[in-house]
Amino acid sequence: MSILVYALHYEGEFNKNSLGAVSEGAKLAKELGGDAAAVVVGGDDLTDELCGTLGKYGVAKVYRVKGPEGLAQPVVDAMAKVISDNGFKYALFGGGLLGFEIGAGLTARLDAGVTMEVTAVRAQDGKLVAERPILQDSQVVDVGYVGEPGIIIGRLNAFDAVESGDGAAAVEDVDVAFEDHSTKATMVQRGEQRGADVNIEDADVLVAGGRGLGNAEGFELCESLADALGGAVAATRAVVDAGWYPYAAQIGQTGKTVAPKLYVAAGISGAIQHKVGMQSSENIVAINKDPNAPIFEFSDLGIVGDLNKIMPKLTEAVKAKKG
Amino acid sequence: MSTAPIEFPPPVDSAKEFVGAPTDPEDERIEVGVVIVGGGPAGLACAIRLTQLLAEDEALMESLGEVPVAVVEKGKGPGSHLLSGAMMNPSAMRKLFPGLDESEWPTYGPVPRDAVYLLPNSKRAIPLKPTPPPFRNHGNHVTSVAQLGRWLSDQAEEGGVYILGETAATKLLVEDGQVVGVRSGDKGRGRDGQELSNFEPGSDLIAKATVLAEGTQGHLTGAAIRHFDLGSEDPQQWELGVKEVWEVEKPLDRVIHTMAWPLRYGAKYQEFGGSFIYPMGEDRVSMGLVCGLDYRDATFSVHDALQELKTHPLVAEIIEGGKRIGWGAKTIPSGGYWAQPRRMWAPGLVIAGDGAGMVNIPTLKGVHYAMHAGMFAAEAIVERLKAGETGVADLSSYQAKVDNSEIEKDIRRSRNMRQPFSKGFLVGGAIANMMEISGGRFPGGRWKTHDDATIDVFIGDRDKDYPKPDGKTTFDKLSSVFASGNATRDDAPNHIRIQERVPLEIALMWQNMCPAAVYEVPEDELEAARADGNGKLDGKHEVKLQITPSNCVQCGAITAKGGRLTPPEGGDGPNYQVT
Amino acid sequence: MKICVLVKEVPDAAVEKRMDPASKRLDRSGETTLNQFDTHAIEAAMQIREGGAVDVDEIVAVTMAPSEAGRTLNKAVALGADRSVHLTDDALAGSDVCATGYALARVLESEAPDLVLLGQQSADGECYTIGAVVADHLKMPSLTQVIKLDVEDGKLRCERQAEYGYDTVSVELPAVISVGDAINEPRYPSLKAIMGAKKKPRDVKSPGDVGIEPGRVGQEGSRTEVLAVNAPPEKAAGEIIEDEDTNETVERIVAWLEERKLLA
């Protein structure tokens, strides 16, 4: 067997991140001429049916282990057993907190090589090579593995979920004797939502506002658009300084660093202090009335125009499209 | 009606605010032997010399307690705030490290050739042969003072000196007319000065002797000069230097100085200065533009004129295919001999280096003078400490050593060379030549200096010629601030004392002068000024400045031109590596 | 209680960094500083000591670093550690995450702490969650991204931030806790503390002192290898739209977003 993929479920669903990892694992296993399987750890909500759905994403088999949810170390025990029992060559994770914790724990347990924040993986000469960005995404490193297994932890949402059209996966229950230390952490409360503080670092879509908004009220335009796109609002240093938006939303050299799928920059000039905080965003859309604004040099789509005219219309159009 | 910045003085009273008695309870004060404010060439040379002398006198070393020598440095560490050209005269290094082979120095060694060019315009370069005397640098070492500072700091630490980085000295401690130490700055204050959750107050550092080696526009130096009335009747004058360090493909084989373009020497503009381009080894080049701060056009910007300079074929050729790896800015005292403090010492205190105006402007030399002065300071202090407890109340021997040395001989020689240039380049140049030839004796006399803040400004149109930044060869100010390693927290308290409502002329002058884009005239204020002037900018229209103090690289220009730079939180500001 | 805080020396964030073409690893010869995330860990240790819920006998700063890392340890001590341990040897250079985690676990074992604290990640981006690697070797429970930490009845009550929300987890000691930067505001060291740091005891240890097997560390002992360092894939030049007819402009934007599946 080639690749074992960890799939995280939460509230009866496998998250997008996990489905992406499973798809990627299946794809890579094919390229290696081998097989991929998934492993899940949890309680009774891991029904045969739910586990079977992973088959749609390309794995024929799902190893299911009964254990506590939301804690990494029991999963380390589970995966270590499944990997050694079945000779998996690689363990693949879709990032996220547990992905990192489990992958790191496995590194120690199996004396394995690990690459973190991976953005792409490819098969080369019968082995996998992981690519990861470094130095604020200014360079990409190709990492190979010495010995087996190799552990690959992707950047959150780096892998796309792709339905392969296969049928339900077979579920195999595995009995795992947990290590002593794996039982020393107990979940008291899981997944509490704390509405107000949206963590912009985890958002898939960000609408950021800069001085071009004109005043604090301009952020209403950002909030409406963010709402329509299903994202969060961010801000530049200048406007946070001016008190138009809170520091928690600040992006840049002295604020947060983000890499969402979509970054809309409204009224932002694109000075380097801001750029370093968002340059790894997958898709950058900039709206600015100054055609010479530096942001147009690194945006994927740049609109030279009045954001007060464009944003409200864009918000309406997006809402209409999404239905 | 003239508008000069001096009519809008900053809200500060330095003698009152920055000089006072210790305030910490006695058992909380920190005692050291000698405290040196400033981890630059002067301060570190002083520290090293002190440890050399103390190594020969155990009893004296013991009497100085657990921490015989402490250097207080407001940057992250010595070197972070150091910037110069520089072509360093090797005499001071030889004196401080007599047994050390020059190949072990953290410098780039001497350069065999030098060249001076007069640039009449953006395309031509006229070589001046033979090289005018002030520009001859035979035997001098190309040096990055940021690297030198780090190396000297390592040497000092090995000798037992306590290097206290990220520590600003904000107050001079004086008791019964004698300097007894310095107070370090608070940390953890917010934008409005309020105490944040991790607020840490400064401490009183009590020392038997205090050395102020703060460099240009030294904060405590200014306060000490006022408090003890040490100043000259001639005000100090300043130049602003903005420089870059480049990785280059072709090694540069000569030290280059240029004059004229892009500066305008005429009396209308008064942009006195020039540029330097020094090879740093085989693959790097240090280049900068220096201009007196008594220029008159409010739209003149040294930072942007430097970008323009890089488009001249002479310079473009040197940096072709290269990459900018460093940037910074700093002021240089240029008033020379007459503007130096009359006295460079007070009871318990000496002032060394740029802070005491020890810069020879025509030859652009100051690093070795600073180091010599630091060594004299160490020697004088040790002599006076040995003379008994009250010995350091009289440090006049320091002054004597400085006066009888190369420092004052050289600086006195060029005592009138800078002033004539206010009469324009040609007249000024002719006069300067006469002085050079006559060894400073002719035309003699005492040419008065002037305070840079007394210069009227007008709004010209210099900005139409600045190149649009392309991010490869030419850069905007924010990119430059980034390249200086400045990552100061945004809610840091505003450390700049300045009047925020001033006529547009002054505001624009500050906006363009500042190499770090700290001062900005907001768009809407510009619009209002335009409306007031019927389509043209009305220079007298009052505007409110927008200030971004976290950009500040502490060059000191604002202090020369109507504001006052006070030390920000220790550790803030640039982190120069190769300047 | 004995707390060990793992600290790392990293290149200064604001100083331009480069890869060393020879070793294909980060060029660490320039300006360095104490990993920002670890300052939060030291502060967390100090708050446990000052909180009074438990007696903290010792806070020890531990690092694995080249011999010149003294300044970083001084900073850690100035921030509150009572002493420091410096594991150093040329043979450790080039260690990857696997090798580093193993080495750190060995040196921590020799200290036998009740609690190991460290920052969530290192500012040089080399590794996230090394705490989890170390914890597995030490056979201790581990949590990362902890943003609230309290000692209650000899156990730890932790809140940690996950991408799906906040978890509250109870952890038995001894444990390894990696803290997020939201956990606290690190204090500034007082001048007295900075000056006193030089005098605090420092144990310099070599791999042999703590039972590290030579074959498991360094370049030799690493289980990953850097094959190449490349420029990131060329981004296609961006498209620019000059807005004249806003309705049309907006249509084009929506089409562009749809093409990229950003309106899902």
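Where a number appears in this text, it was derived from the coordinates with a stated rule and is not lab data. Just so it is clear, the structure is predicted and the values come from calculations on it, not from any experiment. Note that we place each Cβ from the backbone using ideal geometry, even for glycine, and neighbour counts take in every protein chain shown.
Have a look at the DSSP beta bridges in the protein assembly as shown and tell me what percent are antiparallel, nearest 5.
Values: 100 of 204 bridges.
Within the protein assembly as shown, antiparallel bridges account for around 50 percent of the total.
Calculated from the alpha-carbon coordinates, segment B:186-275 shows an Rg and a Dmax of 21.6, 55 Å respectively. Dividing the mean sequence gap of close Cα pairs (under 8 Å, 6+ apart) by how many residues segment A:200-322 holds gives a relative contact order of 25 percent. Legend: mean number of C-beta atoms from other chains within 10 angstrom of residue C-beta atoms, peptide C:218-228, equals 5.
Across segment C:2-221, the mean sequence separation of Cα contacts (distance under 8 Å, 6 or more residues apart), normalised by length, yields a relative contact order of 27 percent. Globularity index of segment A:200-322 is 0.92 (Cα radius of gyration / 2.2 N^0.38 Å, N = number of residues). For segment C:54-195, the Kirkwood radius over C-alpha pairs fed into Stokes-Einstein at 4 °C and 1.567 mPa s yields D = 80 µm² per second. Between the alpha-carbon centres of segment B:346-369 and segment C:243-262 there is a gap of 63 Å.
Can you give me the Rg/Rh ratio for chain B, using Cα atoms for both radii and the Kirkwood formula for Rh? The partial results should precede the final answer.
Values: Rg = 22.9 Å, Rh = 24.0 Å.
That ratio equals 0.95.
Excluding same-chain neighbours fewer than eight residues apart, the aspartates and glutamates reachable from residue B:468 by a Cα-Cα span under 16 Å are A:290, A:297, B:304, B:308, B:476.
At most 16 other C-beta atoms within 10 Å and a DSSP loop state: those are the exposed GluC sites (Glu not before Pro) I care about. Give me the longest piece of chain B that has none. That would be B:321-499.
Restricting segment A:1-78 to GluC sites (Glu not before Pro) that sit in a DSSP loop and have at most 14 other Cβ atoms within 10 Å of their own Cβ leaves A:11. Based on Cα contacts under 8 Å between residues 6+ apart, chain A shows a relative contact order of 15 percent. Sorted from greatest to least, the principal axis extents spanned by the alpha carbons of the protein assembly as shown come out as 101, 79, 52 Å. When only alpha carbons are used to place a centre, segment C:144-214 and segment C:98-132 end up 10 Å from one another. Given segment C:80-124, what whole percent of its Cα pairs are spread farther than 16 Å? Here the long-distance tail beyond 16 Å is 49 percent of all Cα pairs in segment C:80-124.
Fewest-first ordering of A:50, A:221, A:92 by other beta carbons within 10 Å of each residue's beta carbon gives A:50, A:221, A:92. Based on the reciprocal of the average 1/r between different C-alpha atoms, the Kirkwood radius for chain A equals 21.3 Å. Counting only DSSP H runs of at least 4 residues, each contributing -39500 (n - 2.57), and dividing by the residue count of chain C, the helix-based mean residue ellipticity at 222 nm comes to -8500 deg cm²/dmol.
Close Lys pairs in segment A:3-183, defined as Cα atoms under 24 Å apart and 8 or more places apart or on different chains, number 25. From the largest down, segment B:248-387 spans 61, 41, 20 angstrom on the principal axes of its Cα atoms.
Over segment B:98-145, the alpha carbon radius of gyration divided by the compact-protein estimate 2.2 N^0.38 Å works out to 1.56.
Kirkwood analysis of segment A:1-61, using all unique Cα-Cα pairs, places the hydrodynamic radius at 11.4 Å. The share of C-alpha pairs in segment A:23-111 whose separation exceeds 20 Å stands at 35 percent.
Calculated from the alpha-carbon coordinates, segment B:72-182 shows an Rg and a Dmax of 19.6, 62 Å respectively. Pairs of C-alpha atoms in segment A:3-183 farther apart than 22 Å represent 38 percent of all such pairs. In whole Å, how far is the Cα centre of segment B:1-61 from that of segment A:1-77? Taking the Cα centre of segment A:1-77 as reference, the centre of segment B:1-61 is 65 Å away. In chain C, excluding the sites themselves, the longest stretch lacking any of the GluC sites (Glu not before Pro) that are in a DSSP loop with at most 14 other Cβ atoms within 10 Å is C:1-233.
Any chance you could list the semi-axes, whole Å, largest first, of the equivalent ellipsoid that the Cα gyration tensor gives for segment B:1-109, using √(5λ)?
Values: eigenvalues 219, 152, 24 Å².
Largest first, segment B:1-109 gives 33, 28, 11 Å.
Out of segment A:163-227, which trypsin sites (Lys or Arg not before Pro) are coil in DSSP terms and have no more than 16 other C-beta atoms within 10 Å? Don't jump to the answer; show the numbers that get you there.
Values: sites: A:184, A:190, A:194, A:211; in loops: A:184, A:194.
The qualifying sites are A:194.
Sites listed here are trypsin sites (Lys or Arg not before Pro) in segment B:505-579 whose DSSP assignment is loop and whose Cβ has at most 15 other Cβ atoms within 10 Å: B:536, B:540. The alpha-carbon atoms of chain C, seen along their principal axes, cover 71, 47, 39 angstrom, with the largest extent given first.
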